[in-house]
């Protein structure tokens, strides 16, 4: 026998056609190969099976083949006619299972082994890659710091030249351009440094308790210059006016808001920009603060919104910046536990918002006994003014208000008793100028000696000399209240009270010392600033004189900052000593505090932070 | 162009045309039957020019699908090419080719042995960018046999032959494919001797590689599991793509690795990881691009490709045969010459499948 019995062939062909949806001729071809395999030991059917099973890669298909082969084997082995070929049938069945099962297992095992090796290689590569990325980040952070220090010096010296007004004409133009370019570069380096810090998880979250409206006012102050240049934009605030104190990372919240506002200004040429804050009380002394910046700018397409928080996704190339801003802002919001979201309609405008959970400080504001007087001749702010007055009343203040110039001037000139602690003016351009002159006169009268004069909503369009405080866009209540309580203790007073205030600065880089001296001596002309170019020199000066505050560079040749501090401590108890460092890492903060420093200021110094530090010390000394 | 693939004497009698040129592959050790077969052919067709090259093992011919799984000692592709459109030249003539003059000739190189100067020659031939260059290195089958090339009755154990084809009459194209991806950074060879890498990045080569991929077992070497992407010193990255170089052996005492290619200090290596199954299948499907029913093809299959896939190799080649839908004659090589992309220049590789397609141009 060299072939299957006719009726068996037919049965197998029928089954093949049914199970695999084969045409008659194809099924007959398979049966022919089956016969060759059984009776002649031909391999081609196994080769075909192997091919099909591999490329189909479908367990159901493989199962169907096994079913079919088993049925065929049963069919043939059960018949007496095939008894002499029993061995061939078993051999066929074995080869079939070897092909469909054992060979597949061998293949799978080989692939599994190779896959393990691939995993190992990829793991090794990933570790190596991460290591390199970490090193690169550290390198970028260090380089950026060094660049920022150098740039700070460049900007400082250029500002000094500008302040001296010695250049004119074309040269003055060059100077302005050099200053502008340096500032752009400074911002860029600062962005790179920020993103490197965030990505390398070196961003310090510094939580503190602060008044929300004070923080918002500072943000608005920060962008008022840019805003002033866009005359066709209205800046609107829709803020929770009730003064409340929260616990959170003030500095970084300010960075986020300033960036969002700055972006809104950048991409809006007309219409409005609105800063909105709403809060919701949550249990356990927490509040949910939702910040929102809405604009009527160029807007974004859906595609642009999808990419808006990616690094370098600046789609409007004629605007300033390299596009890291929103990426950093989004990362910052994330670090603070929030999520920055954007929605926008192309050509209509955009809204960015983020929500943070902040701790609430229950400190109450009490304005009992305080007399406040408001003049507002502007119809656009009337409703906001009304709300504010209601709020002040609810806090215990006695509030008077005027909306005509005549009545208000008459009141100011004739009032003899119950003189207000605060007089606020919101007028038009001419009105401000008029009242500025009047205030100059009023301040000469004894009865107005303890009155604080503020100009509101000036939008930065007028130059006023005699108002005590000018608010371009938003009046924060808390600073106002604090002004009422410490009428003669504002920061300007701190400056004049810096008389006999002794400052020692230690840094081995002469440029740093010069820049420090330039800024600090300008703001605190009465303070004494001693400069030491190294550790030994500083120790000598420290021995000879008692300082109120010392700024000490950590990285100096010879004696480093830590060593100098130890020597200071052995001479006499330490005054307030701040470490100066370009090292941005968390561990440095910890090390500095452990060593006994009062705090750490990052180099290059941010002037406002430096002044805040000195003000605090002067205040502590005097009160 | 008429063609036929012959594998036994009986095929000669059935040849329906008069061949002018034949290119054939013989299993190393089967030189005599191949020669006898060629002689028989020559007796019948006196002016037939025959070029041959030894193979490490199986000769693949696809006149019918099942032949992939069948083993044969040799295979000969007979063609009725125009006599003046193709010629055979020897090493000295190839070296003397004036590469500054534009040429209308494609070159298919057959080398009996690997030599570094072969790489230089491939590059030189392509100073004329229009010249297609393909080829293969003959293979032996174990230590008992030696690789060789064959021309007009003579076997050359050390030699180089070029089959030149007039591109104004014939379209000559094709490509090389591998199934590995480069991974990780480039590593510089800092000490080397011929094909042996002694140090990589100033560390013992074997330590450096095993640190990344784990032990290089004998099994992984014979399975060609860990080829390297080898970039020659000072060679541009993108122009030709980076060829694969297979590991030949390791010396545990010396902590060195020997490749199937010569290396120099300054050459750079990258580790290679095998394609995923999907990507591998996708790559095999690339042969569909060459469904040229009027053309014939040669397939140079690296012994390392066979070693890597073992008994799955004929399955993959069957898939190629089904994709191509045109006859081809294939054999196992010790190196392949072909381009990695459509407009890329040809380079010498290991561990690839290299297809050379020849089609007669319409008159």
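The values are calculated or read from the model by the stated rules, or taken from the named source; none is laboratory data. This structure is a prediction, so every number in the text was calculated from the model and none was measured. Note that we place each Cβ from the backbone using ideal geometry, even for glycine, and neighbour counts take in every protein chain shown.
Inside segment B:266-363, counting only helices (runs of 4 or more DSSP H) that do not spill past its ends, which hold 3 or more residues that are within 14 Å of another protein chain (Cβ to nearest Cβ) and touching a strand residue (DSSP E or B) at 6+ places or on another chain (Cβ under 9 Å)?
B:277-284, B:313-324
Name every residue in segment B:211-227 that is within 11 Å of chain A (Cβ to nearest Cβ) and closer than 24 Å to residue A:126 by Cβ, in order of residue number.
B:211, B:212, B:213, B:214, B:215, B:216, B:217, B:220, B:225, B:226
Only one of these is in contact with a strand residue (DSSP E or B) (Cβ under 9 Å, 6 or more places away or on another chain), touching a residue at least 40 places away in the same chain (Cβ under 8 Å) and in the same structural domain as residue A:309 (by TED's automatic domain parsing): A:354, A:346. Name it.
On the way: A:346 fails: in contact with a strand residue (DSSP E or B) (Cβ under 9 Å, 6 or more places away or on another chain).
Checking each option against the conditions leaves just A:354.
Given B:237, B:230, which one is at pLDDT 90 or above and either assigned to a loop (DSSP other than H, G, I, E, B) or on the phi < 0 side of the Ramachandran plot (or both)? Step through it out loud before you land on a result.
On the way: B:237 fails: at pLDDT 90 or above.
The match here is B:230.
Can you tell me which residues in segment A:47-72 are surrounded by fewer than 16 Cβ atoms within 10 Å (Cβ to Cβ) and more than 14 Å from chain B (Cβ to nearest Cβ)?
A:59, A:60, A:61, A:63, A:64, A:66, A:67, A:70, A:71
Within segment A:97-122, count every residue that is out of contact with any helix residue (DSSP H, G or I) (no Cβ under 6 Å at 6 or more places or on another chain), more than 9 Å from every other protein chain (Cβ to nearest Cβ) and more than 18 Å from residue B:220 (Cα to Cα).
Here the count works out to 7.
Can you report the number of residues in segment B:296-315 which are farther than 30 Å from residue B:80 by Cα and touching a helix residue (DSSP H, G or I) at 6+ places or on another chain (Cβ under 8 Å)?
9
Quick one: is residue A:44 modelled with pLDDT under 90 and either farther than 21 Å from residue A:92 by Cα or within 11 Å of chain B (Cβ to nearest Cβ) (or both)?
Working: modelled with pLDDT under 90: yes; either farther than 21 Å from residue A:92 by Cα or within 11 Å of chain B (Cβ to nearest Cβ) (or both): yes.
Criteria met by residue A:44.
Got at least one residue in segment A:141-159 being without any contact (Cβ under 8 Å) to a residue 60 or more places away in the chain, assigned to a helix (DSSP H, G or I) and within 14 Å of another protein chain (Cβ to nearest Cβ)?
Among the residues of segment A:141-159, not one is without any contact (Cβ under 8 Å) to a residue 60 or more places away in the chain, assigned to a helix (DSSP H, G or I) and within 14 Å of another protein chain (Cβ to nearest Cβ), which makes the answer no.
Taking the options A:187, A:217, name whichever one is in a helix (DSSP H, G or I) and farther than 21 Å from residue A:356 by Cβ.
After ruling out the rest, the residue left standing is A:187.
Go through segment B:184-203 and count every residue that is in a strand (DSSP E or B) and surrounded by fewer than 18 Cβ atoms within 10 Å (Cβ to Cβ). I'd like the intermediate steps shown before the answer.
If we filter segment B:184-203 for residues that are in a strand (DSSP E or B), which is where we start, we get B:184-193, B:196-200, B:203.
Narrowing further to those that are surrounded by fewer than 18 Cβ atoms within 10 Å (Cβ to Cβ): B:185-186, B:188, B:190-191, B:193, B:203.
Total meeting the criteria: 7.
Within segment A:20-34, how many residues are surrounded by fewer than 19 Cβ atoms within 10 Å (Cβ to Cβ), more than 14 Å from chain B (Cβ to nearest Cβ) and in a helix (DSSP H, G or I)?
4
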